[in-house]
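The values are calculated or read from the model by the stated rules, or taken from the named source; none is laboratory data. Worth saying up front: this structure is predicted, and the values here are computed from it rather than measured. Don't worry about glycine lacking a Cβ; one is built from the backbone with ideal geometry, like all the others, and counts go over all protein chains shown.
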Amino acid sequence: MTTKSRTFVLLALVPITLMAALSVRAESPADRPKPGFNRDIRPLLSDRCFACHGPDKTSRKADLRLDRRDEAIRAGVLDPANFSESEILARIASDDPDEMMPPPAFKKPLSQQEKSLLREWVAQGAEYEPHWAFVPVPKTVPVPEVKESGFVVANPIDRFAAERLAKEGLKQARQADRTTWLRRVSFDLTGLPPTLAEIDAFLADTRLDDAAKNAVLDRLFSSDAYAERMAMDWLDVARYADTFGYQADRDMHTWPWRDWLIDAFRKNLPYDKFVTWQIAGDLLPEATKEQILATAFNRLHRQTNEGGSIEEEFRVEYVSDRVRTAGTAFLGLSMECSRCHDHKYDPISQKDFYGLSAFFGNIDEHGLYSHFTETAPTPALPLYSGDQKTRHETLKKEIAELQGKLDGWLASYAAGSEKPKPAEFGSPKADFSKNFDDLKPAGDYAPAEGRGGIGHSIRFEGDDAFVCKDVAPFRRSDPFTVSLWLKPSAHKPRMVVWHASRAAEDSAYRGSSLILDDGVPVVSLIHFWPGDAIAIRARRPVPMDAWTQLSVTYDGSSRAQGLRLYVNGVEEPVEVVRDRLTRDIVHNAAWGDADAGSVSLALGARFRDVGFQGGQIDDLEVFRRELSPLEVAHAAGAKIEASRADFARHVLLHSPDDDIRKIRDDLTKLRKEENELISGIPQVMVMKEWPGPRKPAYVLHRGEYTARGEEVGPSTPSAILPFDPSWPNDRVGLAKWMTDDRNPLVSRVIANRLWMLCFGRGLVATLEDFGYQGEEPTHPELLSWLARDLMDHGWDLRHTLRTILTSATYGQSSTPRDPATYEKDPDNRLLARGPRYRLSAEMIRDNALAVSGLLVRKVGGPSVKPYQPAGLWEESGTGKTYVQEHGESLYRRSMYTFWRRTAPPPSMTTFDAPSREFCMVKRERTATPLQALAILNDVQYVEAARVLAERLIKDLPGDEDERLRTAFRVCTSHSPSEPQLQVLKRLLDEQKSRFGADRESAGKLIATGEFARDQKLDPVEHAAMTVVIQTLFNYDPFVTKR
Amino acid sequence: MSETNRTGCCGIEATAGLSRRQMLGRFAHGIGGIALADLMRANAHAATGTPGALGVLHHPPKIKRVISLFQSGGPSHLETFDYKPLLKKMEGQDLPASVRMGQRLTGMSGYQARLPLVGSFTGFRQHGPSGAWISDLLPHTARIADKICVIRSLHSEAINHDPAITFLQTGFQIAGRPSIGSWLSYGLGSENEDLPTFVVLITKGKGGQPLYSRLWGSGFLPSRHQGVQFRASAEPVLYLNNPAGVDSASRRSMLDRLRDLH
């Protein structure tokens, strides 16, 4: 049979897949064993009954659940005294529409065959079995003996496979030749084709297959390409992208996590650690940068910054995404259903979902990222390079030391006994002041009666701010004082009195502000709210309809205790709301922020925030230094009983004493230096536990953020594995629960993923669903054996991969011995042949780049923007322009291609890559004309073809046949047969004569792409050879793994 | 939010007028190895096309195609089909609690000092025997008032563009569900195997419409049901044009040899 007709037969059979699967099951009653609960009965009950009689208590009818035997007996539908007379059988047999089950309205009737299965099962005692995936992996899994002859057995995998084949009466396929195996394994482990030298070396290796193959695996495992290939698959799982998604879809700057990922596979991080780091790396003792960076996994979900969005709505959405992703990625369960109600099929309650969400929601984050600033949403990790970390640590230590000295001095002065001398000072001179006496009405504010009936004050309507253009925003390391008199006429949440910022949520509140929250003053200095900010809050409101003087002083320390609030000249007791400010509080053009340099102090209103409606302000004074308590009192005209501490602070700020002044000056200098240093260090979103008491989590009715129900703490679904009380009740505990030997899912799910990676199909085909609705494993014992073997070998992924790849099952030819096998088992569920399927999007493009020699083997770093059809981003309407890069960015591996969620790269999505908007553990595999068009016409492939053509012409001058032979071999790893060579020769001749007659066209074709070409080559020869290579790129073996 | 009948972004392309041969012919110059195999598969049931999940419909469909215009960023319903005289009468007054009924406000308007009502700036008149109210801005549409059906009862709980549009196109405001066109493709099937059942055209221009490919995505349905975007450019379908210097004769010879190779 020729390759061509094989392809035809294979694909023609796809539509009858289902029939074939059914026919495997539909054996005659005589030769089939009694119905198995897991195999036969649970799928029926789950599909036809559980929606109304299953785990979900809210939709349960007649107080009957059929997912538990004791419950079914209690409800009286199973009769333990006489099973054959059970009510359930009467109901499924009935044709009375009021009696029959499932009811006609459910529209999922039972077939006669299904009814007889149920009858048989009930009559035999209605024995239940636990769902296979929820049974812990046995300590040892017996490996079957193979009694039949004719099976190559290289390791235990083959025994499991052979046992099943023998049962089905199928033969193992022949072992694939060495070249085929090498090509297959090279793509599986590195995503790249073997080079001719690698093929030759393997063919020349005189050792036995086992040793030679293991040597190849050693080489592949230790390559960077292996780490990249493993990371490639995980990017879909982690919904990795370079932009936030949603409407604005701005850049997310999360590629450092991708670098971590590659590195984790390069170092062969054991899978239990791989899971633990990503879930809880930040909480591990003495967490390293890598461990913390790994947790960015939980922050890769989409985020929005759309103006007007409600923060809590999206925060809830993000936390739910984390739960969903962890559920699908590690547990192989679809958690989504239980967000709104108890799962209808699997034993996961709605409470379980929110119990899990409590693990993931306890970080100091905001549901919206920023529109006007480019900062990573908090919590974020600074990514030091070179000696930055050491320098930063040193600076912070020096600052702490000096701060300690000053604090010590203040404390000892305050504790001293000698009578403080009355301080002497004049009225402090403001750097900026405004009494509004000459105020002209503008916007919606206007002059009003001044304080004490003198002159004017300013009265606000709340939509327009009075902007003090001369007052630049305060910086994190700058001491300052702002004082003013105000008279509110109403108390509302969040009324803005003054601020030096661009906006509220739309700039992550970056800047400084004084607001009245229902009349209570709140002062904040914010880099990114809430995780990078200091804020203090008074304990009582200011009076309405009366003038109050409010002064805010700040010492430049980035500490909440460095902020002071004075009411009518007297320091006001406050509570600390936030106390972690690590970065500057101004817009910085170098960070990509908008409006850097144009923000100033403003009064009475802020962009998309609550204005000081009906309020008045008078006598504003701004100082570029911290006023002492005595000065504030003086300025407010207050008579205060100054404490020793107040005196101490005054003396500290004004002391002529050289020692104190020097410490103060040094401190100021160091703080500025530290601020400059950290400003130059990028950061990435990570997980960081909120330091205060755990934030409450709630069951949300119908999943809606406004419909809070019962408060819940962190918990895990007990039906999978009870949570060991010795584990910490945080994400570390969650990781321990996941990676515990008794967790039935995590090891099976990853073993199944590795199998999928090698065979293109999981032992459980539904990688995303190991629950009742998922498919059962084709080889349950093999899956358990692989899971156990993985755990027994320290969760070493390479070990398991090696076991699979050296098995005879994997080593089979992708052509079965008997063509009828295709018909019986088109999906290769029974493993009667080796894998065969189209390569992934990344592999196809990388393959073309690799064979042409264009591939740039630089590992990691920011994403790149290679060729892309013009105008795609513009058309997507998010206001972004794709600026294609040049040089090596055009030839990096596809996993580095910039991924915009609202307009993902068509070179990838055409070949079934997902949008990366949510976790996807399995790609579809489709075959569409568009894919052929892409390979034929995308400049990336045309260029690769003409570059490979050029290389061949130059490497093999004169010998055209050898050139064609090599071209074929480079593209397929195999040597062409004589007829194949003749086809290529004919093609080359046809193209040569065509381009010979039209040299201009030849010139155009070989000018495709930006890579420099050798102008000395004959354009006709070059163009004709380019078409030959293009043909080979479209040749089935180029794009198909077999 | 009230909407008119522009509810979906789907367009089921009827292909009744095209023979299978024509369909194949249309793509024939650009079919390589993969597509070739895909098309050959189609021979198996060329006569039937792709049946939909619904199988036989309970009544014969009267329409051949659905063209749906989703005018993201288009004129408001208040200036087109949704006549609200009371709103005009109460212009300038604050939004009454009886209307708002505690509905949440967006961060855009939620902090405004006031929430005043603003009526339509255009006049409305009744047209045709049906007496449909249509804005004076649409004189031509008004003349066919009796040929159109206006639905004013659609609404969404979402208050931001992205979730609201996602809801309109997929029935759910969280991304990941199939779009309406995908459902139609899935349910009704197609009379052919090769042309997309669901195509999408978006406005030509400089990013006027924030529309994301997810809005015509197939969600959890097989990806063949996802909308195929036709672009307003020289290359309506990505990668359709031959590379520079390659004409259709050259392509033909190449594809013939490719077939020989297979």
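The residue that is surrounded by the fewest Cβ atoms within 10 Å (Cβ to Cβ), counting only those in segment A:985-1004 that are more than 7 Å from chain B (Cβ to nearest Cβ) and either aliphatic (A, V, I, L, M) or not in a helix (DSSP H, G or I) (or both), is A:ALA997. Looking only at residues in segment A:1005-1042 that are of a type in the set (S, T, N, Q) and over 19 Å from A:LEU855 (Cβ atoms), the one that is nearest to the other protein chains (Cβ to nearest Cβ) is A:ASN1034. For A:ARG925, the criteria (1) more than 9 Å from chain B (Cβ to nearest Cβ); (2) of a type in the set (Lys, Arg); (3) assigned to a helix (DSSP H, G or I) hold in every case but one, which is (3).
For segment A:1005-1017, the candidate set comprises residues that are in a loop (DSSP other than H, G, I, E, B) and touching a residue at least 60 places away in the same chain (Cβ under 8 Å); within that set, the residue that is nearest to A:ILE953 (Cα to Cα) is A:LEU1017. When A:ALA636, A:ALA602 are screened for being surrounded by fewer than 24 Cβ atoms within 10 Å (Cβ to Cβ) and either without any contact (Cβ under 8 Å) to a residue 60 or more places away in the chain or under 25 Å from A:GLY450 (Cβ atoms) (or both), only A:ALA636 passes.
On the stretch given as segment A:860-881, residues that are of a type in the set (Val, Ile, Thr), surrounded by fewer than 18 Cβ atoms within 10 Å (Cβ to Cβ) and away from chain B (no Cβ under 14 Å) total 0. Here A:GLY562 fulfils each of the conditions (1) under 20 Å from A:SER501 (Cβ atoms); (2) surrounded by 21 or more Cβ atoms within 10 Å (Cβ to Cβ); (3) free of Cβ contacts under 8 Å to residues at least 60 places away in the same chain; (4) not hydroxyl-bearing (Ser, Thr, Tyr) apart from (2). Within segment A:41-89, being part of a helix (DSSP H, G or I), exposed (fewer than 14 other Cβ atoms within 10 Å of the Cβ) and of a type in the set (Gly, Ala, Ser) holds for one residue alone: A:SER84. A count restricted to segment A:554-574 and to residues that are among the hydroxyl-bearing types (Ser, Thr, Tyr), closer than 19 Å to A:LYS639 by Cβ and touching a Lys or Arg at 6+ places or on another chain (Cβ under 9 Å) stands at 0. Considered as a group, the residues in segment A:293-310 that are farther than 19 Å from A:PHE274 by Cβ and among the polar types (S, T, N, Q) include one that is nearest to the other protein chains (Cβ to nearest Cβ), and that residue is A:SER309. Would you be able to say whether some residue in segment B:210-233 is within 7 Å of chain A (Cβ to nearest Cβ), touching a residue at least 40 places away in the same chain (Cβ under 8 Å) and surrounded by fewer than 18 Cβ atoms within 10 Å (Cβ to Cβ)? No, every residue in segment B:210-233 fails to be within 7 Å of chain A (Cβ to nearest Cβ), touching a residue at least 40 places away in the same chain (Cβ under 8 Å) and surrounded by fewer than 18 Cβ atoms within 10 Å (Cβ to Cβ).
Looking at segment A:656-714 only, could you name the residues that are assigned to a helix (DSSP H, G or I) and either among the basic types (Lys, Arg) or in contact with a Gly (Cβ under 7 Å, 6 or more places away or on another chain) (or both)?
A:ARG661, A:LYS662, A:ARG664, A:THR668, A:LYS669, A:ARG671, A:LYS672, A:HIS701, A:ARG702
Beta carbons closer than 9 Å, at least 6 apart along the sequence or on distinct chains, pair a first residue in segment A:203-215 that is closer than 14 Å to A:ALA176 by Cα and modelled with pLDDT of 95 or more with a second that is part of a helix (DSSP H, G or I) and of a type outside the set (D, E, K, R) for A:LEU203/A:THR179; A:LEU203/A:LEU182; A:LYS213/A:TRP181; A:LYS213/A:LEU182; A:LYS213/A:VAL185; A:LYS213/A:PHE202; A:LYS213/A:LEU805. The number of residues in segment A:931-947 that are within 7 Å of chain B (Cβ to nearest Cβ) and either among the polar types (S, T, N, Q) or in contact with a strand residue (DSSP E or B) (Cβ under 8 Å, 6 or more places away or on another chain) (or both) comes to 2. You will find that of A:THR254, A:THR180, A:THR195, the residue that is within 27 Å of A:PRO976 (Cα to Cα), hydroxyl-bearing (Ser, Thr, Tyr) and crowded, with 18+ Cβ neighbours inside 10 Å is A:THR180 and no other. Scanning for something within 14 Å of chain B (Cβ to nearest Cβ) and assigned to a helix (DSSP H, G or I), does segment A:882-905 turn up at least one residue? No, segment A:882-905 contains no residue that is within 14 Å of chain B (Cβ to nearest Cβ) and assigned to a helix (DSSP H, G or I). Does at least one position in segment B:236-253 carry a residue that is more than 10 Å from every other protein chain (Cβ to nearest Cβ) and assigned to a loop (DSSP other than H, G, I, E, B)? Yes, that holds for at least one residue. Scoring A:ASP665 on the criteria (1) buried (at least 16 other Cβ atoms within 10 Å of the Cβ); (2) outside the structural domain of A:PHE297 (by TED's automatic domain parsing) leaves a single failure, condition (1).
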